[in-house]
Each structure stands twice: as C-alpha cells, then as structure tokens.
Amino acid sequence: MPEPAPITRRSRVRELYAHPLGRDIVDSLAHQVGRSPRWVDNPLVGALRLGALPRLSGGRLDDAFVDALVGLLAAVPDRPNPGPMPLREAWFKEAVFYQVYPCSFQDSDGDGIGDLRGILSRLDYLKGLGVDALWLSPIYDSPMDDMGYDIRDYRKVLAEFGTLDDLDALIAGLHERGMRLVMDLVVNHSSDEHAWFREALADPDSPYRDYYFLREGEPDTPPNNWRSFFSGPAWRWFPEAGVWGLHLFSSKQMDLNWGSERMRADVVDMVRWWRERGVDGFRLDVINLISKTPGLPDGNETIGALTGFTGLEHYFHGPRLHEHLRQLRAEAFDDPDCVAIGETPAIGAQMGKLMVGDDRGELDMVFNFEHLENPGRTRFDAYRYDLRHLKRYYTRWQADYGDGYWMSLFFDNHDNPRMVSKVDPRSEHRVAVAKLLATVMFTLRGTPFLYQGQELGAVDQRFVALDELRDVESLNLAAELAATGTPPDEVFARVLAGTRDHTRVPMAWDASGGFTTGVPWLAGDGGHAEINVASQEGDAASVLEWHRALIALRRDSPALVYGETLVERSGSRVWRYRRRRGAEEYLVVLNLGDRPARTAPPPAGAELLLASGSGTGSLAPYEARLWRLG
Ligand code: TEU
C-alpha cells in the first residue's frame, strides 16, 4: 500500500476523509451539527479544498480552524491499511462483563456506602446471571472528589470500601467461580492529594515536578485557554507555590505528564503490582487523553465552540498516544490474556481501530460514545432518543470493523443516564425497551458490558432538587449556569437531563432496597420500588430473566459471538440482522418505534427462541424477536 500524501490546506475534503483521523473528525462534526456524514460522498463536496472551507462555510469555520486541522493530521501519522486480518479467538470476546459501581452495589457494614465485602456477598447472583468478568470502578484510596477517579494512593484501598485483604478475597472469590476481575486504571491524572503531586508542588527541584504540568506565572493569566470537562478553565492556581497546574477534569484531578519517562516507569510498576495480585485486566480511564501537544499551545476557538472543549485537539489523540499505549502493553500487560479496554471519549471508529487493531499491540477494545446520543444532541439535552440512530451507527461500525478489530457493546455506565429512560420514559414501554436493548447487546458482534441495574431495566432516578445530587460534574455545571444568569428551574432541568447520578443510586435488591441497613450515601433506588432483583427473579416475563436467557444462549452459540453480521433490508423503523458462522445462524428482528410495525415473516423452518411480544404477526412497540435459522 502506498503511503497517503500528507494533508495540507490544498488537500481536498475527500482526501481528508480518507485519513483515519480526518474521517473521524468529519463524522464527529457531522454528528454534532446533526447531519449525515454521507454529504462527503457528494463529488462536489469531496472535491472542495480545505483552504476554501472558511469562505464556503459562511464564516462558521475560519483559517485558524483549517490550520488547526492540518496541524492535527500532520501530528498523527497515517498508516498503510494492514489488509484483512484473521479472526482471533479470546476469552474476553466470549465473556459477558458487568460493571460494579462500588459505592452503590452492596453495603456490608451499614455505613451507607457499598464495599468490597458487600460485592463478595453478591458474587453468586452475578454468576447466576451468567456474568464472566467484573469491572470494578475505582476502589483506591481517594478524597472522592470525583468518586474515586481522583486517586491518592494507587496501591491502597479506600477505607470505606475495605482493605487489600478484602480485595484479595474478592479476587479469590471470583476465580473460584471461574470469573475474572478488571480494575479501573486512572492514569491520565491523579488526585492533588497524591504524594507525587504534593512533593512536586512543595519543591521545584523535586524529581516529581515533571510528573505533572506545573507552570510558573501570574494568578490572573492561566498558561493557555484550555477548558475543563467539568466547567471552567483547565488550570488551577496554587498560590502557595506560585504555579498553575493543568486539570482536564475536576480541580482536584491533576493531569499526569506522560512525557516523563520516570512517571511512565512508575505507572508500569504499579500496573505490574496489580497484575501480581491476580487482576485479569484493566479499563483505562480516558486513556486517549494522555499525550498532549508539547508546549501546550492554545486551543482553536472554533473547535472549542463546536465541541464545547477548547484545547481538545491538543490531547484527544496526541502525538505520542500510540507510543505510550504500546509501551504500556509491552511492559505492563504483556500477557495476551490480560485484557486492556480503553475508555476513549471524543474518538470515532477509525481512531478506535488504530488502538485496537490486532496488528497494533495497544488495546483490545475501546469504549466509544457516539451511539449514546442522537446527532445534534448532548447528554444535557432533554429529548427522546431515536433508535434509528442506533441502527445506523451499529450497522456502520459492524461493517467497518473487520475480523482484526473488536468492539465493546454497552448502553449504561456510571457516566450516563439510563438508556431505557432516554429511549422512552413512559413506564408502559420500559420492559420492552429494556429487552430490545439487551437483545442488541447480546446478539451483535462485540463484547457486552452490563452496568449494575441494567439487567433489571432500571430507570433514571426522579431527583427533585439540586441538593440531592453529589456528582462534581453536575454541581459544577449547575454553578456555571447559575453564574451566567440561567433561572434555577432551568438549571435544574438541564442538569437533571444528563446527571451522572442517575445511575449512581444504590442497586435495588428487593422492594425495600436491600443495599444498606443504614442511610445510603446517595438517595434513590434506581426508579420505582418494584424494579428490583427479588421481584424479577424467577418471573419469566421479567427483564432480568430475559437477560439470563440471552446470556445463556450467547454462551452456547459461537455464531452469536464470532459470526458475521448480515443486515437485512427493512423499513427504517425495523432492524433485521442475521448472525452466521458455519451452519449456525440466527435472525434478530427489532421494532425500533413505539407503534406496531409490519415486517416479513422469518424463513420457513425458523425456530422462535425469544420474543418480547407475541412473536407472530406485526411487531408490538419495541418488540424484539430472535429465531434460530440453522
Ligand atoms: O469519564 C470520562 C468522560 O469523558 C466522560 O464520560 C465524563 O463523565 C463526561 O462526559 C465529561 O463531560 C471518565 C470516568 O468514567 C468518569 O467517571 C470520570 O469522571 C472521568 O473519566 C475522569 O476520570
């Protein structure tokens, strides 16, 4: 394959689109402004030169934007297409993962905060559901400014969660049951209370000084114009040391400098230490953000306005990202059985492939987020999610990811409201929507990741006031909106639409809660008292039993794990696809809307395995059906 020509101002839009990063950027911009990326296929659009975009966009894009784009693509070398790669089998492709949010899963000592002993006591429930691997959100020692994503000591367990002995017991408990443990690895930043940071701040000559981005200066002028994901500037002034410190997230989450070789070596040591404790893999928090453009130049204002995050182009896919990931893989997760899942906000399919390709030696899977919102929408918009977007998105991704790349499949996590509520908040549709989403997750190609409570069809919490919320992102956003004069009821409505606390409420084990004997740290039960484990267990019509059935089926069906995906033609409101491997074949038919829909019957001889409605004739609203064809 010839090396593609470098992208310059004279390049054409179609050349930009042929570059992996360029393509993702175009797709993502199209997504943000609510347009189909297919406009690039129009020969007139494809022939446009990048340098002409400012004039043609009527001022929405400026010259600085084009320069930023060109600079970005130059910093990320393209790679020749590796050609077809064989399908590699692996435990983590066959496994069902389940994310536990430690604060809210099970409290064992009545302090209202979930803990490791509590999780241990629920392993049989998870095993019974068919879960193979548990992903634990951070349990490390932390001041909990961002619920543990601000780590004070990477080798210690937060006292409220238990001890290292409890963690060892959890690992043993999982392994005895044939299950595995994936830990959250948060190394884009550490807490400002981490010993490295305290030493770096206290002593300009400390070897830890270059573990972070600390810049001397004046209290009124931050070193650049970057914005934090959690509102406000990405810089905090430390008057005691006369320095600014970079924090892309909260002001207590200081970004680590991956340019420091010693810092990287310390991270590798720490990861190896966890590996030796028996951990089977890692979910790498915001791992695509670790490499920053040297010199930390100002972000382009147009990109800032389009994305809401000024500076993004200088770190979302930085110049040394792939080098750092390869080092981490080679030195810390050299065992192919140790799974590495990257959490990668703001990247698209092509950049994802650069990290997970079997030829890359980097990660095994990434979490992308574009399917979680409809085009033109953000998490803080209150709207009904249109499932036709999900169909388009997954159809595209499944076709684009050949055998050499593997996808993660997920809807709920600790950073997003419940997908069921976003699709249709009306309680009469809850069960059908939850079953439809589960059907997609367990029958498409990719590894399913359940989030606690999703298996029950849990819905958003009905918070009634701002003071019920605990999440730093929500509270900062509320303060920012209030400061710009937004009326209080509007502030609350906006924050409520997207608050991460919706999914952080305690797990509902029975009608009275069952999470704690004390007062829960965050009020709520994930919806109504009737959505709980006890009321669904053994009820064949329940969302929980639907999950159990699908998971069991997937376990025994290589076609559902490794098979090719063949999308059938249908009206836009219906999604039909087959999964096939050798002689084994399945057909999935889904009604994506809230009205009945007609669809062709399955081929003669098909055996109906599961239906969330009647299984014959027209599809009921959101009905999901699954047939075995051969
Ligand atoms: O999340 C990163 C991330 O980009 C988001 O999902 C984030 O919650 C939000 O959208 C920013 O606007 C990871 C963790 O999952 C999250 O809980 C942490 O707060 C964050 O990183 C920082 O560690």
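The values are calculated or read from the model by the stated rules, or taken from the named source; none is laboratory data. All values reported here derive from a predicted model rather than from experimental measurement. Cβ: placed from backbone, ideal geometry, glycine included. Neighbour counts: every protein chain shown. These accessible areas exclude ligands, DNA and RNA; they are computed on the full protein's heavy atoms, side chains included. Shrake-Rupley method; radii C 1.70, N 1.55, O 1.52, S 1.80 Å.
Does Phe316 count as crowded, with 17+ Cβ neighbours inside 10 Å, within 21 Å of the chain's Cα centre (by Cα), farther than 30 Å from Ala432 by Cβ and among the aromatic types (Phe, Trp, Tyr)? So that I can check it myself, show each step before the final result.
On the way: crowded, with 17+ Cβ neighbours inside 10 Å: yes; within 21 Å of the chain's Cα centre (by Cα): yes; farther than 30 Å from Ala432 by Cβ: yes; among the aromatic types (Phe, Trp, Tyr): yes.
Answer is yes for this residue.
Which of the residues that make up the range 249-258 are charged (D, E, K, R) and open to solvent by 10 Å² or more (accessible area, probe 1.4 Å)? Steps first, answer last, please.
First pass over the range 249-258, keeping only residues charged (D, E, K, R): 252, 255.
Within the range 249-258, just Lys252 meets the criteria.
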Being hydrophobic (A, V, I, L, M, F, W, C) and farther than 16 Å from Arg628 by Cβ narrows it down to one of Val533, Val561, Val588, so name that one.
Val533
Quick test of your reading of the structure: Asp132 fulfils all but one of (1) open to solvent by 10 Å² or more (accessible area, probe 1.4 Å); (2) within 11 Å of the ligand (Cβ to nearest atom). Name the failing condition by number.
(2)
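Report whether or not Ser291 is of a type in the set (Ser, Thr, Tyr), in contact (Cβ under 8 Å) with a residue 40 or more places away in the chain and either out of contact with any Pro (no Cβ under 8 Å at 6 or more places or on another chain) or not assigned by TED's automatic domain parsing to the domain that holds Pro37 (or both). Quick ask: steps written out before the conclusion?
Values: of a type in the set (Ser, Thr, Tyr): yes; in contact (Cβ under 8 Å) with a residue 40 or more places away in the chain: no; either out of contact with any Pro (no Cβ under 8 Å at 6 or more places or on another chain) or not assigned by TED's automatic domain parsing to the domain that holds Pro37 (or both): yes.
So Ser291 does not fit the description; no.
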Here are Asp403, Asp412, Asp381: which of them is within 23 Å of Glu623 (Cα to Cα), of a type in the set (Asp, Glu) and either free of Cβ contacts under 8 Å to residues at least 40 places away in the same chain or outside the structural domain of Asp594 (by TED's automatic domain parsing) (or both)?
Asp412
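So that you can scan it fast, the table gives a plain yes or no per residue for (1) surrounded by fewer than 19 Cβ atoms within 10 Å (Cβ to Cβ); (2) under 30 Å from Leu170 (Cβ atoms); (3) among the basic types (Lys, Arg):
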| residue | (1), (2), (3) |
| --- | --- |
| Asp205 | yes, no, no |
| Pro219 | yes, no, no |
| Ser228 | no, no, no |
| Phe238 | yes, no, no |
| His247 | no, no, no |
| Ser260 | yes, no, no |
| Arg272 | yes, yes, yes |
| Arg277 | yes, yes, yes |
Return yes when Tyr394 is more than 16 Å from the ligand (Cβ to nearest atom), among the aromatic types (Phe, Trp, Tyr) and open to solvent by 20 Å² or more (accessible area, probe 1.4 Å) and no when it is not.
no
Just to be sure, is Arg462 more than 16 Å from Phe380 (Cα to Cα) and open to solvent by 30 Å² or more (accessible area, probe 1.4 Å)?
no
If we keep just the residues of the range 586-605 that are open to solvent by 30 Å² or more (accessible area, probe 1.4 Å) and in contact with a strand residue (DSSP E or B) (Cβ under 7 Å, 6 or more places away or on another chain), which is farthest from Leu566 (Cα to Cα)?
Pro596
Out of all the residues in the range 462-487, which are assigned to a helix (DSSP H, G or I) and in contact (Cβ under 8 Å) with a residue 12 or more places away in the chain?
Leu466, Glu468, Val472, Glu473, Ser474, Asn476, Leu477, Ala478, Ala479, Glu480, Leu481
Listed by range, strands (runs of 3 or more DSSP E) wholly within the range 188-287 having at least 1 residues that are within 16 Å of the ligand (Cβ to nearest atom) are 189-191, 235-238, 243-246, 253-255, 281-284
Scanning for something part of a helix (DSSP H, G or I), among the acidic types (Asp, Glu) and within 16 Å of the ligand (Cβ to nearest atom), does the range 360-371 turn up at least one residue?
yes
Can you name every one of the helices (runs of 4 or more DSSP H) wholly within the range 21-83 that holds 3 or more residues which are touching a Leu at 6+ places or on another chain (Cβ under 8 Å) and surrounded by 18 or more Cβ atoms within 10 Å (Cβ to Cβ)?
63-75
Within the range 382-391, is even one residue in a loop (DSSP other than H, G, I, E, B), open to solvent by 40 Å² or more (accessible area, probe 1.4 Å) and hydroxyl-bearing (Ser, Thr, Tyr)?
no
Which listed residue is at pLDDT 95 or above and in a loop (DSSP other than H, G, I, E, B), from Asp539, Asp525:
Asp539
Out of (1) open to solvent by less than 20 Å² (accessible area, probe 1.4 Å); (2) within 22 Å of Glu564 (Cα to Cα), the odd one out for Asp424 is which?
(2)
When residues of the range 319-332 are filtered for being in contact with a helix residue (DSSP H, G or I) (Cβ under 7 Å, 6 or more places away or on another chain) and open to solvent by 10 Å² or more (accessible area, probe 1.4 Å), how many remain?
4
Do we have Asp335 as touching a Pro at 6+ places or on another chain (Cβ under 8 Å) and surrounded by fewer than 19 Cβ atoms within 10 Å (Cβ to Cβ) here?
no
Could you tell me whether Asp165 is within 28 Å of Gly259 (Cα to Cα), open to solvent by 20 Å² or more (accessible area, probe 1.4 Å), acidic (Asp, Glu) and more than 16 Å from the ligand (Cβ to nearest atom)?
no
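Just wondering, is there one or more residues in the range 97-109 that are part of a loop (DSSP other than H, G, I, E, B) and more than 23 Å from Arg418 (Cα to Cα)?
The initial filter retains those residues of the range 97-109 that are part of a loop (DSSP other than H, G, I, E, B), namely 101, 105-109.
Checking which are more than 23 Å from Arg418 (Cα to Cα) leaves us with 108-109.
Looking through the range 97-109, at least one residue is part of a loop (DSSP other than H, G, I, E, B) and more than 23 Å from Arg418 (Cα to Cα).
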Which is more than 19 Å from Arg430 (Cα to Cα) and open to solvent by 10 Å² or more (accessible area, probe 1.4 Å), of Leu522, Leu553?
Leu553
